[in-house]
Structures are given as C-alpha cells and as structure tokens.
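In what follows, a single structure is set out as structure tokens and then discussed.
The values are calculated or read from the model by the stated rules, or taken from the named source; none is laboratory data. Predicted model only: the values in this text are computed from it and were never measured. A quick note on method: Cβ atoms are made from the backbone with ideal geometry, for glycine too, and the neighbour counts reach across all protein chains shown. For accessibility, only protein heavy atoms count, side chains too; no ligands or nucleic acids. Shrake-Rupley method; radii C 1.70, N 1.55, O 1.52, S 1.80 Å.
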Amino acid sequence: MALMMFSLIALGIWGLRLGVDFRGGSVLEARFDERPSVEQVADALRDLQIEALKDLAVSPAGTTDVVMKSGQLTEAEHQLIVQRLTDSFPKSGFVETRFDSIGPAVGSELRRNSAWAISLALAAVAAYIAIVFRAMRRVLSPWAMSVATIVALAHDVLLPLGVFAFLAHFYGVEIGAVFIAAILTVMGYSISDTVVVFDRVRENIIKGHLGKDADFGRVVHESIMQTLVRSINTNITTLLSLVAIAVFGGQSIRYFALALIIGIFSGAYSSIFVASPILVWIGRRGS
Amino acid sequence: MTRNAKILSITLLVSLFLFVYVAPQLVNKIPRVRVPIVPFRFGLDLLGGAHLLYQADFSGIGDINRADAMQGVRDVVERRVNYFGVAEPVVQISGTDRLIVEIAGITDVNQAIRLIGETPFLEFKEQIPDAAAPKDDSITEFLAQWRSTGLSGKQLKRATLTFDSQTRQPEVSLQFNDEGARLFAQITKRNLGKPVAIFLDGVPISVPTVQSEITDGSAVINGGFMPQEAKLLATRLNSGALPVPIRLVSQQTIGASLGAQSMRDSMRAGIWGLAMVALFMVVFYRLPGVTAVLALVVYVLMVLAAYKALPVTLTLAGIAGFVLSLGMAVDANILIFARMKEELSQGRPLALAVNEGFRRAWLSIRDSHMTTLIAAAILYGFTTSIVKGFALTLGIGVLGSLVTATVVTRAFLNCFIGVWASTRTWLFR
C-alpha cells in the first residue's frame, strides 16, 4: 500500500511527461561521429527563423546521439534544419537517425484512444472475472473477485506510472504510444496472476479441500501458499525474457521493457498482498 | 505404433518442416541443398523508412462522394509511391478522410513527401503578342510576357521517358488526347517561329521555339534533364491529379542505420531471452524442464512460421511481444509441472501425476492466456501500427502457447513415462 501512495504522490507532484506521440511536435534524433555540445547545436539553429524552434530543447542521448525536440515542423523546415546542421558540423559525421513530426490533432487522438483502450480493458476484465468465477456465488458475490482484481490492477498500473513520473521529473523521460501498450500488457498479466490465486481459492472452496466450513481467510491463505512457488517461477521466466530485452534490446525499447518489468513484478506482488486481503475483507463482510 | 510415438513422430516431422520454412538460409548452407527463401516482413523501425499520415482536405471541394474520392486519392498516391520501387509499400485509407503511407527502406524521405503530396500542374503558355518589353530580368517581368493557352495537364494522355536519338539526352515525351491535339495544333500554328513556354507548377521548365505546326498531339520536353528527373516528371504527370488535396499531418521516419541496429539488438535480446529461460527451466524442473525446453523450441518454430506465413510485420515492439509470449509459453508449462509435483508429492504414481497435472492446470492456463488475449485484442484496435504489431505478435504467441503447452509438452512427457522413468521420480522433483 505504501508503494501505491508513493506512486500517487509522484504522479500528483511531478506528473507524467507526455512524449511527442501524445503532445504533437517534432523530434529529431541524430548521430554524430564527433558529437558537438548541446549549446553548439542550439546556436547553429538559432537564426533559422522557424516558429516551431522557439521551444527547441536539445539533449544528448547515449554517447553519440543528440535529440532535438520542438514544435511541429513542416517537411520544408525539417530539410532546412538538416541542411543547417550538415553545414555547421561538416566534419562531425552528422546523420539523421530518426525524425517524428506529429500534428496536434493526431496527438490528442492518441490520448483519447489510450484512455478508451484502458477503460475498455478494465470493463472487459471485470466482466470476464465475474463470469468465470460465477461458481463462487454461494460463498460470496462474484463481483467481489472482480473488485479485488481491479484494485490489484490499479496498483499494478499505478506503480509503473509513478516510477515514470519520477523518471520524467529527474531524467526527462517521456512516454509514447508504446508505453500504453506496456500498460495494457501489465494489466493482462496482473489479471492472470491474480486469477491463478483465485482459481485455487475457488477449487479449494468448491471441492471442500480444507474442510466444509473453513474460515474464508484461511482458505485464501492456504491457496496463496499453494500457488506461491508457481507464481514466483512464472514471473521469473517472464521477467528473464524482459530483462533480456531491456539489456540487449537497444535504446528505443529499453523503457518499454522497464515499464513491463515494473508492472509485472508488481503484478505478482499485488496478487498476494493486495488482491487477496481485499477479497478476504469483502468475503468476511458478506458472511 | 503407439499413440505417443505417433504424436512424437508427427511433431518431429512438422518441426523439421517448420525449421526449413523459418530459417532457409541456414538450411541452404548444406551443400547441394537449395530451398526457396520466403523473407520475414520487417517493420519500418527495423528497416528504416517513413510512416506518413495525410489528411484530406474536403473544404474547398463541395459535394462529392467522399469514399470514392478517398479511393481515388489512394490510387494516385500508390502510383506515385511505386516510383520508388520499395518492397511492399503500404497505402491505405484510415477512417473517412485520412491516408496512411508507409515506405520501408527508402533513403530520401523528403523526395517521397514532395512526390506524394503535390499535384503537378503542367501548362503551355504563349507569348502575349503586343506585350511591353520586359523592364528587367526579374521573374515577375518574365511571367508577365506569357498568357495561358488552355492547354495543360488536363489534356495529357500519357508522358513517357525517352532519349533523344542523336544527343542521347533524356527527354519527356508528351502525348495529348484529341482535344489537346487540336489545341496544340492551333497553338503551334499561331506561334510558328516564336517561343512557347512549358510551365510546371508555375515555373517555366522549357521554352522551345516552334519549328512547325504539330498536328499529331505529341510534344517533347527537353529541359536538360538528368535521367532521374525526367523519369520523376513523367511519373508525376502520369499519376494524375489528386481528386482532393492532402496535407501531411504526421510523419515518423527512422534512418536505415538506426533500423539495422535495432534489428541486431532485438535478435540478441531474443536469443538471450530464450537461453536464460531454457537454463532456468532445466535447472529448476529437471527432466520436465528439458521437455519444456523442447516444447519451447517447437513453439518458437511454430510461432515464427506463423509470423512469416500470415505475414505479420515485425516491428521492434512486435519482437518484444514475441519474447513476452515466450515467457507466457513457459508459464503454461510451469503450471503443469507445479501441479505434477504436487501430485507426485502426494504419492501418486507417475503416469497419473502427469495426467492430473495437465487436467488441473488447464483452467489456470486458460484464464491467464485469455486475459492476455483480451488485452492484446483491445490493443489491436489501437491507432498506431507499432502498437498493433505488438498486439498481433503477442496474440499469436499466446495462442501458440496454448497449443504447444497442451499438445506438445504432453506428448513429450508421455514418451518419458514408461517403466524406466517411473522409478526415477527424482528426475521429476
């Protein structure tokens, strides 16, 4: 719970830094053999009289790259900038590696679509859980499981968001469309993890493994213990794959992998320490 | 043949076939073996290229069928894009008034953008007969000398790249339709011995002097072109006019070098991921771990073959989706093994433990895979192609995992159940 509070505070104070995908604007990434300083680059572009360059932000990336962010540039302006940079640093081996220019309409659409996708996923999951676990009706409302799952879900989504708010504030890390993909995947994993525990609970209750009138809390606890090893192992293998991506996958995908790692790790944690206690709490209140 | 042996041999055969399909380059290294290569489809962020989003502007157009107009726009743009000769360009309508263009492996994106978005306006102009002499060399004074003849790109039937037979200079040969031929005959008759200007997009590109009256409706522009320029001009003139003007609203370009590096990185990530997971499985689960690794290999082959066959465009995020689904595939196996261990520790005989393990793990496998599939399905409805690619690879991976975990792992495990293994249950603990 403490982590969740931290994330909420981090989000509240620092906020997430939306990338070009969401805000609109331009990003130009370039690679130099001999990288000029940030000031040199800014100076070179200073007198180009381009409106969008008024909020130009130049930052280094890695050991050889420079990232230039600004308002949206037309293709003509883009070419002017490229030409100017090539002329200003003739011996530095300037090569443009990436250029994105997103219109404001497209950016706000992405924001809208993302919000929709996440809400839709939440609803779909709640419904799926309620349906799949309807056999539990005799013990407690199936919505109880949905609620517990969703709270765990919120926790799992908030944690990476909080971390990225932290990163945004201190390191200027931005989120793009791929981040939303990571969040939705984390949601999928969080559910599946929680479901495994609840599956056990259901089995134990229906089959009366632990005695017909066993205290609900005990049943849940036992179920957790039974699935713990499996849960840990599963997450280890997934995390191993993700670590491989984060370490070897290259710059563009690194933060994506990071978001997934935090989220999935949190998913495992939340099934045990968030979803289950809530389930017990609701279950006990019901009976 | 026992049922298990049958399943195993089928699996082996299929795996072999899949391997040849997925990695023909490796197979071709065997001397005297020549297997056809079907390439993987890679996305922009791995090949380098551009993703362009155009907005059609219907404001000045009035009442026309929008769907038809968009189709027309799509066709014209596709013709223009084909000029670049890239493999598999994507030109598709998005929504009601947008066009997505994806060109992979292109080096000059700027040229592509200019070519795609602009309708060339070709005009023949003649000198105004009693015009005052130009006051100076400026372009406005020059333009003031000329007036429109009514002959323009509208009457153009075809433009072709030709080479002058004597000078070998590249030229653009124009062929007008009947109305154009008629007009041209009149113009040339009117202006015998005088210059006639050919304007492109408001700029004169050629000002030849009329030698004779031309009645067959054919003309040649030789403005000192480089071959590429002439070909470009012919393409632009031939592709026709855009029914609706379009505006570039969003552009994402990846340089080829970054793309190549991303490709290398993701290959490494994939292989390392596979290695680490395989190691973990064997160490922790021993013999069942080995069978899981074998099943994993089959899984990888199956999924990669599916990616190639469909085909699925692999982007960076897409490969991440694949690596992720690898984790999930292993997950399914772990569920089964965990159950098996439980059964074994409760003293059940091996064969029974295996069956029970599968039966009881099925529900958990089903639920955890379903929820991930739901997430993938929702992601697929997303706007950006990169997220879509991720959703697709993840979804296919998860489906593949469902299949291999149940069918393949089981077959492999079953073949180890025999008298030999059942007394050595330590292999399974």
Worksheet item: For chain B, modelled as a GNM with alpha-carbon contacts under 10 angstrom, which of B:Val312, B:Val203, B:Val303 fluctuates the most?
Response: B:Val203
Worksheet item: Taking the Cα centre of the protein assembly as shown as the origin and placing charges on Cβ (Lys, Arg +1; Asp, Glu -1), which of B:Thr235, B:Ala87, A:Val125 is farthest toward the positive end of the dipole?
Response: A:Val125
Worksheet item: Rg to Rh ratio, region B:133-179, alpha-carbon atoms and Kirkwood radius?
Response: 1.16
Worksheet item: In whole angstrom, how long is each semi-axis of the equivalent ellipsoid of chain B, when you take the square root of 5 times every eigenvalue of its Cα gyration tensor and sort them from largest down?
Response: 68, 21, 17
Worksheet entry | Gyration tensor (alpha-carbon) shape descriptor, region B:262-319, a/c threshold 1.5 | oblate
Worksheet entry | Rounded to the nearest 20 debye, dipole of chain A from Cβ charges on Lys, Arg, Asp, Glu | 1580 debye
Worksheet item: Along the charge dipole of the protein assembly as shown, which of A:Ile261, B:Leu248, B:Gly180 sits closest to the positive end, that is, farthest toward it, with unit charges on the beta carbon of Lys, Arg, Asp and Glu (+1, +1, -1, -1)?
Response: A:Ile261
Fill in: Apportionment of accessible area to carbon and sulfur, the protein assembly as shown, percent (1.4 Å)
61 percent
Item to complete: Set the Förster radius R0 to 60 Å, insert the Cβ-Cβ distance between B:Arg34 and A:Glu109 as r into 1/(1 + (r/R0)^6), and round the FRET efficiency to 0.05.
Response: 0.75
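With a cut-off of 8 Å between alpha carbons and a minimum separation of six or more residues, what is the relative contact order of chain B in percent?
Details: 661 pairs, mean separation 80.9, N = 429.
This gives 19 percent for chain B.
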Worksheet item: By how many degrees, between 0 and 90 and to the nearest 10, does the Cα long axis of helix B:385-403 differ from the longest principal axis of chain B?
Response: 30 degrees
Worksheet entry | Tilt relative to chain B, helix B:256-309 - C-alpha long axis, 0 to 90 degrees, to 10 | 10 degrees
Worksheet item: Residues with amide H under 5 Å of B:Leu314's amide H, sequence separation 5 or more or different chain, H placed in the peptide plane at 1.01 Å from N; which?
Response: B:Arg41, B:Phe42, B:Gly43
Worksheet item: Sorted by average packing, counted as other Cβ atoms within 10 angstrom per residue and highest first, what order do A:18-30, B:25-37 take?
Response: A:18-30, B:25-37
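Suppose we look only past 15 Å in the calculated P(r) of region B:1-95. What percent of the Cα-Cα pairs does that tail hold?
On the way: 3411 of 4465 pairs.
Looking at region B:1-95, the distances longer than 15 Å represent 76 percent of pairs.
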Worksheet item: To the nearest 10 degrees, how steep is helix B:178-190 against the longest Cα principal axis of chain B, on a 0 to 90 scale?
Response: 40 degrees
Item to complete: Just grab the label-to-label distance for B:Ala309 and B:Asp137, each label 7 Å out from Cα along the Cβ direction, in nm (one decimal).
Response: 6.9 nm
Fill in: Cα-based convex hull volume of the protein assembly as shown per residue, rounded to whole Å³
224 Å³
Discussion item. Given the options A:Leu80, A:Phe170, A:Gly188, identify the residue whose Cα lies farthest towards the positive end of the charge dipole of chain A (+1 on Cβ of Lys, Arg; -1 on Cβ of Asp, Glu).
Written reply: A:Gly188
Fill in: Over region B:252-357: Rg over Rh, Cα atoms, Kirkwood Rh
1.13
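Evaluate the charge dipole of chain B about its Cα centre and quote only its size in Debye, nearest 20, assuming +1 on the Cβ of each Lys and Arg and -1 on the Cβ of each Asp and Glu.
Details: 40 positive and 31 negative charges, 503 e Å.
Charge dipole, chain B, about its Cα centre: 2420 debye, nearest 20.
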Fill in: Assigned charges on the beta-carbon of Lys, Arg, Asp, Glu; region B:239-394 dipole about Cα centre (debye)
100 debye
Worksheet item: Among B:Arg286, B:Arg41, B:Arg98, whose mean-square fluctuation peaks in a Gaussian network model of chain B (Cα, cutoff 10 Å)?
Response: B:Arg286
Worksheet, complete the sentence: Each residue of B:257-269 has, on average, a number of other protein chain C-beta atoms within 10 Å of its C-beta equal to 5
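Over every pair of different alpha-carbon atoms in chain A, take the mean of 1/r and invert it; report that Kirkwood radius in Å.
Values: mean 1/r = 0.0463 Å⁻¹.
Across chain A, the inverse of the average 1/r is 21.6 Å.
Provide a whole-number value for the mean count of partner chain Cβ atoms within 10 Å of the Cβ atoms in peptide B:389-398. Walk me through the numbers before you get to the answer.
Numbers: counts 1, 7, 3, 0, 0, 4, 0, 0, 0, 1.
Rounded to a whole number, the mean comes out at 2.
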